1. Of all beta bridges DSSP finds with both residues in chain C, what is the antiparallel percent, to the nearest 5?
2. Classify the protein assembly as shown: rounded, prolate or oblate, from the alpha-carbon gyration tensor (a ≥ b ≥ c, eigenvalue square roots; a/c under 1.5 rounded; otherwise prolate if a/b is larger than b/c)?
3. Counting only DSSP beta bridges with both residues in the range B:176-331, tell me the antiparallel percent, nearest 5.
4. Report, as an integer, the average count of C-beta atoms from other chains found within 10 Å of each Cβ along A:41-53.
5. Just tell me which aspartates and glutamates come within less than 16 Å, Cα to Cα, of B:Lys127; anything on the same chain fewer than 8 places away is out.
6. For chain C, what is the Kirkwood hydrodynamic radius in Å, using each pair of distinct C-alpha atoms?
7. Could you pull out every residue, at least 5 positions away or on a different chain, whose amide H is within less than 5 Å of the one on C:Ala292? Hs are placed 1.01 Å off N in the peptide plane, and Pro or chain starts have none.
8. Ignoring everything except DSSP H segments at least 4 long, calculate the 222 nm mean residue ellipticity for the protein assembly as shown; use -39,500 (n - 2.57) per segment, divide by total residues, nearest 500.
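Since every read-out is calculated from the coordinates, none of them should be taken as a lab result. The structure displayed is predicted, hence computed values, not measured ones. Every residue, glycine among them, receives a Cβ derived from its backbone with ideal geometry; neighbour counts consider all protein chains shown.
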Amino acid sequence: MTVSVTTSGSGMSAQRVSRIKAVGGLLRHPAIAFGVMISAAWLVVVLTVHWWAPYDPYESVGERLRSPNGDHWFGTDALGRDVFTRVLYGARQSLPISVAVIACALLIGGLLGAVAGYFGKRVDTVVMRLVDVTMAFPPILLAMAVAAALGPGLRNGFIAMVVVWWPIYARLLRAQVMAMKHKEHVEAAVSIGATRSRILRRHVLPLSFTGVMVNATVDLGQVVLLTASLSFLGLGALPPAPEWGAMITEGAKNFYQWWIALAPGLAMVTVVLGINFLGDGLRDVLDVKVASK
Amino acid sequence: MTGPLLSLSGLTVDFSVGDGVVHAVRGVDLDVNHGEVVGLVGESGSGKSVTMLGLLGLLAPNARVGGSALFDGTEILGLTGKPLRALRGGRIGMIFQDPMTSLNPVLTIGRQLAEAIEAHQPTLTGKRVRARVQELLEMVSIPNAAERIAAYPHELSGGMRQRVVIAMALANEPELLIADEPTTALDVTIQAQILDVLADLRQRTNTAMVIITHDLGLVAGVADRVNVMYAGRVVERAEVDEIFHKHQHPYTAGLLRCLPRLDRRGIDLDPIGGAPPRLDRLPEGCAFAPRCRAAIDECLVRDPMLRMVGASVVACHRAPDAVASLTGAGA
Amino acid sequence: MTGSTSEGVLPGEVQTGSETPLLRVRDLVKSFPVRGGVGRRGKSFVQAVAGVSFDLSRGETLSLVGESGCGKSTTARCVVRILDPTSGSVEFDGIDLNGLSADDLRRSRRRFQMVFQDPQASLNPRMTIGQTLSEPLHIHGVDPAESRDRIRELMSLVQLRDGDLDRYPHQFSGGQRQRIGIVRALVLRPELIALDEPVSALDVSIQAEIIRLLERLRDQFGLAYLFIAHDLSVVRHLSDQVAVMYLGTIVESGSNSDVYDNSAHPYTQALLAAAPIPDPRIERTRPRIVLAGDPPSPINPPTGCRFRTRCWKAQPRCAEEEPVLADPGIGHLVACHYPEASNVITSRPDRPIGGAL
């Protein structure tokens, strides 16, 4: 009866069956269940808001700057648009773009990091110095610089964020791959005559990604905030798009109408909180598994 | 003194895992006399370590320990808090397989030994403690003991670390030393050194020892008496010579026939075949019956009790004919 | 700089000289960079294998035996080219593997395979057994029908069922996983298999099954084994030739009975005396040799003879002059200035041997 603790980085003995069981068990954990619920709720909003939103997000639907009331739960903004509706539609801006940023950063950074870690030597040096240089800038400053150079707009903001984010995954995956490189199953692949690219594709990458996925989930919340920050600074989504950061900018102009800024702020808090809880849950399932055998 | 130093009767350990219960130890009776070295032998999952961890209260919270364990005539199962701590590291010393699990990596070995002594003898002066630390390190043959006191565990080799662990176990002159695979992680020449240290201690201090191991060769060299465990039970117990030369249990015989020999070439290895039963789904009769070549119908329905046969205490319906019938079948 | 061998007979070498051995290793060296301290410039190196030479004939088993850090595993990995040797040559069936292009080396890998110590770690947990076993065949272009037949045949030889092919490694026991590892090494029909501690992670009863299986497969397929182990009893059981390694060099080598019954190197004698025998009567009367101290670090090996710091026979000469591996007139090779052949396993010593601690 030994209690073994395996980490995804080393053991990778994660068993599908027990993993599914573990997910069920985690849902019983209140914080994680909460995270899953919130994340799922926002996902539903993103997919279905156009069917049931009370108003049109771009149309003036009432008096300007009305405080929250029965018709407008979060009041109206300076143009008389319904803030609640705009916050819901804001999820359609922020969440897909954040997921896309993570996906692109993971693809680019992950690939570069994996190649650097696996082949080492000069490739490694070049990639890792690039990573060091990129990571030397404060993320928001670098994103601002790139976005400013390319001009405002959500597309350029997206590019800026990928530039900021890829080195994180390059580093992570390089470390994972370097640890994986000397595992016996990789040595076994060498000894049967597999080519280096085959080994990387079939024996190294699939086992290196699990830990990185957990990190990516947790990062999603940060990227949501970064997206909003860029828009807040006028470098992301442009008016009249209902984007949370941009809405907060508008709210700042109408300082005494607190609801205009509060509503998107609350939306962000719940999204980030939900994602963080979810990510920690995933970490418990995938990263460090305490299994009794 | 009369009576055994340690006496287990009907010791059980159950683990609740998910929806099931794993019966890791299923009623172990075992005596350790003063000054005696007892070997506890078995393969992984036989319950040999769990038995000893169970009686010392060192198991995970999902374990339930039952039965009785008398140490020097006093029941020790169910002890908690201060009396339990006084026992562990005091009258009973422990050595584990991996020395690093017993050593704190950020304290010098001298500090750790001193703490082990002070925990049980708080009235000793600092000077006396220091003297005792050095004495302990010399007792386990650590060269330059005076200098090594200031060393951290990572500065020592595996063999040296295990010596420190032994010194810690001896800090309070225990009456019983429990060693769980004390040399398994070590190379063979280092193993010889550690066994030498233990043999030397035994001569000087007359400490009783329980050596838990999977290695029958090691047991042959160090133990006075041997208990062979299978699926959570002692299946055979005898003096060491009897275990190796006049064993009565087919499992003991099977284990010995699996061993390649240093001193003989070209022997026929005879694997037991099959695998030990799952401890959450034990067969009805004898746990070894499904793998036993001497099994008869009775073995599949009735679990044998330990009984005296020849010089052994053995749990087998077919003893004393079991082992002879194996040889017959093999020929 | 070490490890020159004598011009004499090497372990396993066929003296008639007509036939080339299957494997011929000469002056093999493998060094690894070690990280220096903070602020230290330049790399230093540790010689894990410091000049090792041996031959292995077809169908024979040569064991490399020694304690952790002696370089036995590294030697095996250099032979099957999981690691590239730093210097020295490895000739397989007369072909120098150093001279091959990357592609030619990959193609020739089907002729020498490896079985690993940890049967769990050596299998990709994300691949079914079927995928793991067909991968080598796919890589070497064996057609699918033939692949299926080969896998089926070998699976039944090692007593695994066809249905097991769809299962994942974690669904098997340790012994079964090691059988799978052995099948993977066999599907390409190699002539040589390097076995790196293939039974040391297994329970005694499972160990015996795997040893028996290895013996059967060797006889059936005429395999040569390069067997790496620390367990001297297992080595005695399985080997034709034995080479004892210490700190990256071979200190004694010869036939099984040469090394076990007539060992002449003090280190071999200490190893043999320390290995337990499962018989209390023998244990009580055997000679004891307890070596002093720990093996020194290979980063900074002793001058002269590498074993001298733990040797009870060491003389000033041992610190100055490295002994070469040569036959001192006992019929096998020993690297010692003061070799004395004796049987330390059973005979009582006529005088106390062994060093103080």
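1. 60 percent
2. Because a/c hits 1.5 or more and a/b exceeds b/c, the protein assembly as shown counts as prolate.
3. Details: 11 of 16 bridges.
Restricted to the range B:176-331, the bridges split so that about 70 percent are antiparallel.
4. For this peptide, the per-residue mean of nearby foreign Cβ atoms is 0.
5. Straight-line reach from B:Lys127, under 16 Å: B:Glu115, B:Glu118, B:Glu135.
6. Working: mean 1/r = 0.0463 Å⁻¹.
Result for chain C stands at 21.6 Å.
7. C:Gly355
8. -13500 deg cm²/dmol
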